[in-house]
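Chemist: The structure's right below; bear with me while I get my questions together.
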Amino acid sequence: MMRNLPQLARTVQHNCNISDARHAADYGLCTFLLKMREYYRWENALPFSRTLPRDALGDWLSAREQHWSAIEADAFQPLPLADGEVEPLAADIVNRALLPQALVYSAGYGPLRKPVFFLGELLRIEQRAGFTILISSCEHARELAAPPAMLQGRTIFVRLESVRRTLWEKIEEWRWRPQDQRMARALASYDFAADGEAALQRMADNEMETMILHELGEAMAGELLGADWQEMVASLESPRSEVAARAIRDLLADCLSTLPALLQRANLPALHFHFATYDATRRHLYPQALQAYEHFVRTGALDRLWHAVHEGKDRWLAQARALLALDPAAREPALKAALETDAHEREAARAR
C-alpha cells in the first residue's frame, strides 16, 4: 500500500466534496435525502442493519451543507503521487501509479455533467471483449452519486462497495412502497428474511455482472454512434433533454447486451431487478419492454421480451442516429416531442 495514501485520499475526498457542493441541487429532495443517509452510513462505517441516529444525522447534514457552501467555488486539487502532482481528471496516468499498489482511481463525468471521483482498493482485474474491468472493494474516497459501474474509454470501473450501497438504496426505497411487485420478486430470489447481509452480498455478486453487461452495451452503443454522441449530449442545455438522451442510449445498450445475456442465461432475479428499476424516462420511452416483462410474469413465456429486445436494437439505434442528424437547435425540441408522443400513445392505448 502506498506510503502517502492518507494524503491522496484526503485530496480525492476534497475534490468529491467540491463536486457535491456544485451539484447537490441537481437531485430531487427524496433522492437527495436517501443518498445523504447512505453517504452518512459510509462515512461512519455503519452496517446496513444499523438504524441511523436521527439527531446525529441531522447535525451532520447541516454541517455538510455549510461545508459545501464554503468550498463550492474552489478549484479541484491535483493529486499527490510519488512522481509529482497529477491533474484529477487524468485517471489513466494516476492508475499507472496506483494499480501496482492495489489501488484504483476513477475520474469522469456522470449525468448532468457532474464530476465523479473515487479511490478504492483494487480487488481484481478482468479482461472481456477487449475491455479492461477494474473491480474495487473498500472505498477510501467517494462523492454523493457514487455510480457502481462506469465506462471510461476501454476501461470499466466496477465498485463492489457502491454496488452494495446502490442495491441497499433501492431496497430502502421499496420498503417505503412495498406494493411494487417487481422489486418484491427480485428480493424474494435472495431470501433476505433469513440473513440480510448474506442475501445482499449474493444480490451484489449477481447484479455486478448485470452492470458489467450494461457497460459493455454502452461501449457497443458508443462504437455504433461515434464520438459525436457524447458531444451532442454535452451540448444539451435542458436537464430533462439530457436525461432523455441518456435514456435512449441506455435502452440501446440494454437491447444490445444486458437483456440478451439475462434472457439467454435465464437469470430471473436479475431480470426482475432490471424492470423493478426501470426508471420513469425509460417507461415513457419504451413501455413495450415493460409490457413484455409483465407478459412473461403472467405466462412464463419469454417470446415478447425477445421481440422487444430485437425491435429495440433497431429502434433506439435509429432514433439516436436521427438525433445526431438533426440541426443542433432542433435536438431538444425533438427529445421533448419524443417524450410527449410516447405519453399520448400510452393514453390512446389505455383508451382502447
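Chemist: Taking the mean number of other Cβ atoms within 10 Å as a proxy for protection, how do you rank 20-28, 282-290 from highest to lowest? The partial results should precede the final answer.
Modeler: Working: 20-28: 16.8, 282-290: 18.9.
Output ranking for 20-28, 282-290: 282-290, 20-28.
Chemist: Still on this structure, I have one more. Hey, what did region 5-162 get for relative contact order, percent, Cα under 8 Å, at least 6 apart?
Modeler: Details: 233 pairs, mean separation 36.6, N = 158.
Answer for region 5-162 is 23 percent.
Chemist: Would you mind putting 324-332, 4-12 in packing order, based on average other-beta-carbon counts within 10 Å, highest first? It would help to have the intermediate numbers written out before the result.
Modeler: Working: 324-332: 12.9, 4-12: 16.7.
Descending packing order for the listed peptides: 4-12, 324-332.
Chemist: Among L271, S238, H284, whose Cα projects farthest towards the positive end of the dipole of the chain, with charges put on the beta-carbon of Lys, Arg (+1) and Asp, Glu (-1)?
Modeler: L271
Chemist: Check which residues have an amide H placed less than 5 Å from H140's amide H, if you skip close sequence neighbours.
Modeler: The list, which skips near neighbours in sequence, is L119, G120, E121.
Chemist: Could you tell me whether region 1-142 comes out rounded, prolate or oblate from its Cα gyration tensor? Rule is a ≥ b ≥ c as square roots of the eigenvalues, rounded for a/c under 1.5, then prolate if a/b exceeds b/c, otherwise oblate.
Modeler: Numbers: a/c = 1.74, a/b = 1.49, b/c = 1.17.
Because a/c hits 1.5 or more and a/b exceeds b/c, region 1-142 counts as prolate.
Chemist: Rounded to whole Å, give me the distance from the Cα center of region 215-257 to that of region 15-65.
Modeler: Rounded to whole Å, the Cα centres lie 29 Å apart.
Chemist: Sticking with this one: Starting with the highest mean, order 171-178, 200-207, 86-93 by the number of other Cβ atoms within 10 Å, averaged over the residues of each peptide. Each step should come with its number before you reach the end.
Modeler: Numbers: 171-178: 12.8, 200-207: 19.0, 86-93: 16.5.
Highest mean packing first, the order is 200-207, 86-93, 171-178.
Chemist: So what is the relative contact order for the chain, in percent, with contacts set as C-alpha pairs under 8 Å and at least six apart?
Modeler: On the way: 428 pairs, mean separation 44.8, N = 352.
For the chain, the relative contact order is 13 percent.
Chemist: Quick one: in region 176-301, what % of C-alpha pairs are over 26 Å apart?
Modeler: Values: 2261 of 7875 pairs.
Here the tail beyond 26 Å accounts for 29 percent of pairs.
Chemist: Relative to the Cα centre, what is the charge dipole magnitude of region 88-153, using +1 at the beta carbon of each Lys and Arg, -1 at the beta carbon of each Asp and Glu, and rounding to the nearest 20 debye?
Modeler: Details: 6 positive and 5 negative charges, 29 e Å.
Using Cβ point charges on Lys, Arg, Asp and Glu, region 88-153 gives about 140 debye.
Chemist: Can you count the Lys pairs in the chain with C-alpha separation below 26 Å, eight or more apart or on different chains?
Modeler: Working: K35/K114; K35/K170; K114/K170; K114/K336; K313/K336.
Lysine pairs meeting the criterion: 5.
Chemist: Rounded to whole Hz and in sequence order, give me ³J(HN,Hα) for region 32-43 from the Karplus expression 6.51 cos²θ - 1.76 cosθ + 1.60, θ = phi - 60°, writing x for Gly and Pro.
Modeler: Once rounded to whole Hz, the list reads 4, 5, 5, 5, 5, 4, 6, 5, 4, 4, 5, 4.
Chemist: Also, I was wondering about something else. Would you work out if region 127-170 is rounded, prolate or oblate? Take a ≥ b ≥ c from the square roots of the eigenvalues of the alpha-carbon gyration tensor; rounded if a/c is under 1.5, else prolate when a/b is larger than b/c, oblate otherwise.
Modeler: prolate
Chemist: Filter the chymotrypsin sites (Phe, Trp or Tyr not before Pro) in region 249-280 to those in DSSP coil with at most 13 other Cβ atoms within 10 Å of their Cβ, and list the result. Write down the numbers at each step before the final one.
Modeler: Values: sites: F273, F275, Y278; in loops: Y278.
Those that pass, being in a loop and sparsely packed, number zero.
Every number here is computed from the coordinates shown, using simple stated rules; none is lab data. From a predicted model like this one, the values you see are computed outputs, not experimental measurements. Positions of Cβ are backbone-derived with ideal geometry, glycine not excepted, and every protein chain shown enters the neighbour counts.
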